[in-house]
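Where a number appears in this text, it was derived from the coordinates with a stated rule and is not lab data. Remember, predicted model here, so these are calculated numbers, not experimental data. Note that each Cβ is placed from the backbone with ideal geometry, even for glycine, and that neighbours are counted across all protein chains shown.
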């Protein structure tokens, strides 16, 4: 098991979490590192044009095109994910995508009741909004999971896919930090996988929600660290041998 605590330097939640809350979590025994195993899989969650927008513009501009787009913050994270994806390609490790799409509001049930925009035209299968962004485009051999709800595990065959490739660690990136990333990490941990969230490879439309959820994830469900730290750890793990 490779260990990395990822707790050095400034963190995304520094301006949101009080000293009182930090001490409470510390005294309660939260926030230990689970480390990485030796067989990582990359889960790219909802890195679609409907969540990024077409251009790295401020969120207010991006939302004029797709109301659920985040704009520049999303594209900054996509650039970081590109670097991580290169590592996985070089090491021959599995890459899996969650592609959120729905054929209408009925398919989302209570989820689209709560967020009606998820049933919009730009979520329809084959629409531009539903497509994975070009810089992260899947390649032959990658797994695409079509999901309808926050967690990529819910109602899909993801566990079968992960068992098939022998994964013991999930690197979870994409969006949103407070929604589909968090839901996936909670389920991944519950199934017994080690989970890692590189903090600069995820995005959210709410600044406070992004930061506070990263803190909460780091305390309860996964190791949270900058991509630079994670890249160093991944560099020490042997590549997958191609048979």
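A few remarks follow.
- Extension gain, residue 209 to residue 134, is 24.3 nm, computed as 0.36 nm per intervening residue step minus the present C-alpha separation.
- Share, in percent, of DSSP beta bridges within the chain that are antiparallel, nearest 5: 10 percent
- Only Cα pairs under 8 Å and 6+ residues apart enter the sum, and on that basis the relative contact order of the chain stands at 26 percent.
- Gyration tensor (alpha-carbon) shape descriptor, region 1-83, a/c threshold 1.5: oblate
- Pairwise label distance in nanometres, residue 161 with residue 24, each label 7 Å out on the Cα-Cβ vector: 3.8 nm
- Over the chain, DSSP H runs of length four or greater, each weighted -39,500 (n - 2.57), average out per residue to a 222 nm ellipticity of -10500 deg cm²/dmol.
- Potential lengthening between residue 154 and residue 127 on full extension [0.36 nm per residue; Cα-Cα distance subtracted]: 7.4 nm
- Using the alpha carbons alone, the radius of gyration of the chain stands to its Kirkwood radius in an Rg to Rh ratio of 0.95.
- Cβ-to-Cβ counts within 10 Å put 96, 63 in ascending order as 63, 96, the fewest first.
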